[in-house]
Amino acid sequence: MSQPGDPASNPLIEIRGLKKDYGEGRGVFDVSLAVHRGETFGFLGPNGAGKTVTMRTLMGFIRPEEGTARINGLSCFDQRARIQEHLGYLPGEIACMDEMTGTAFLEFMARMKKLKDRTRMKELVDYFELDPSRRIRKMSKGTKQKVGLVCAFMGSPDIVLLDEPTSGLDPLMQSRFIDLVLQEKRRGATILLSSHLFEEVERTCDHVAFIRAGRLAGSMRMDDVRKSRKRVFSVSFADTATRDRYVRAHADAKLLLQLCPVGATRVEATVAGNLDAFVKDLAAYEIIDLTAREQTLEELFMHLYGTSDDKPHEKPFDAGGTSEGVGQFPASAKRREWAKNGKSPSAALRAERENRTGHDEKHIEGDRHE
């Protein structure tokens with residue numbers, strides 16, 4: 001077991017009080033996180049939340065206005081060349097030399113990384129079923145993403161920073177990427193992975209942090225996330241009158257009526273702790289179907305995301321013993337409007353994410369040369 005002062009007990013990647021303000025609420029503000037050696041850390045948030053700004057700061061491309069960013073004890077900006085010698089990186093937007101073939105580009109990157117052995121590079125090319133013989137400008141988004149992944153992992157780096165790594169990949173390649181991350185974890189690599197896809201984070205990460213509007217909304221170990229999850233029950237009533245009677249009797253379920261399509265008889269309720277009271281309560285209603293599932297990481301994130309469009313939710317995940325309705329979901333006016341049109345809470349949030357512009361990539365030109 002590591003002792004205080006032992007390098008193994010210190011974070012390998014550490015950010016403290018990071019601030020980079022691009023105006024109009026864009027950037028990152030007072031972000032702090034720590035990733036320990038051998039850990040896979042998930043950095044979750046919608047597009048424009050500040051994930052890429054954080055990643056570029058760790059790469060030394062951006063000088064923070066306040067706070068510090070260090071990897072293995074080295075300053076990410078002042079000592080970026082030393083850090084990058086032992087680091088694999090996949091940017092959120094891959095910029096390659098379009099006239100080069102994939103083979104030529106990979107060889108170019110291998111020489112830059114001073115790789116003497118190309119075995120791992122060839123293994124990854126085969127693993128992702130990549131045809132590197134084509135010119136990069138003729139490659140699809142998914143094929144370019146494969147090129148980037150090969151570049152990030154071909155040197156078997158000790159530290160890997162991955163910004164939206166499965167963007168553009170089909171489901172099969174996404175699954176292979178997850179398997180690759182699990183292999184790298186067993187090898188002992190330390191991985192920081194930013195994403196807005198909950199499944200890849202849930203399957204690969206030891207720790208997860210949520211960022212919203214440039215500020216951390218929360219951070220939890222995945223083991224604690226699993227323990228705090230509630231069961232989600234889908235209850236189908238005999239008719240809408242019975243459903244309405246249930247909603248009127250449960251204050252926490254009032255929002256549920258707004259989130260159900262017109263004429264629906266099914267509602268969802270999240271339950272934590274003792275199920276006895278919940279089941280006994282349902283006995284007073286005519287039920288035609290009842291199914292249960294575990295809360296998804298996305299739903300936990302949506303709960304943490306809060307009920308205000310301006311501030312993150314200040315409450316921690318609730319692992320108490322009460323039954324609740326969909327007060328778990330954010331209830332902004334925009335999401336209620338979507339709900340009235342028959343959209344689910346998850347669909348409403350996804351729509352908001354898709355409508356956001358990629359502020360992470362904007363307003364940062366010139367930072368590399370500050």
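The values are calculated or read from the model by the stated rules, or taken from the named source; none is laboratory data. None of these values were measured; they are calculated from a predicted model. Neighbour counts are summed over all protein chains in view; Cβ atoms, including those assigned to glycine, are modelled from backbone coordinates with ideal geometry. Just the protein is used for accessible areas: all its heavy atoms, side chains included, with ligands, DNA and RNA removed. Shrake-Rupley method; radii C 1.70, N 1.55, O 1.52, S 1.80 Å.
Tell me the carbon and sulfur percent of the accessible area for segment 45-162, rounded to whole percent, probe radius 1.4 Å.
Carbon and sulfur atoms account for 47 percent of the accessible area of segment 45-162.
Are there trypsin sites (Lys or Arg not before Pro) in segment 132-165 that DSSP puts in a loop and that have at most 16 other Cβ atoms within 10 Å, and which ones?
Passing both the DSSP loop test and the Cβ count: Arg134.
Going highest first, how would you order 279-291, 28-40, 190-202 by mean Cβ packing within 10 Å?
In descending order of packing, they fall as 190-202, 28-40, 279-291.
From the alpha carbon gyration tensor of segment 139-253, can you work out the equivalent ellipsoid semi-axes (sqrt of 5 times each eigenvalue) and give them in Å, largest to smallest?
39, 18, 14
Rounded, prolate or oblate for segment 62-146? Axes are the square roots of the Cα gyration tensor eigenvalues, ordered a ≥ b ≥ c, and the cut-off for rounded is a/c under 1.5.
prolate
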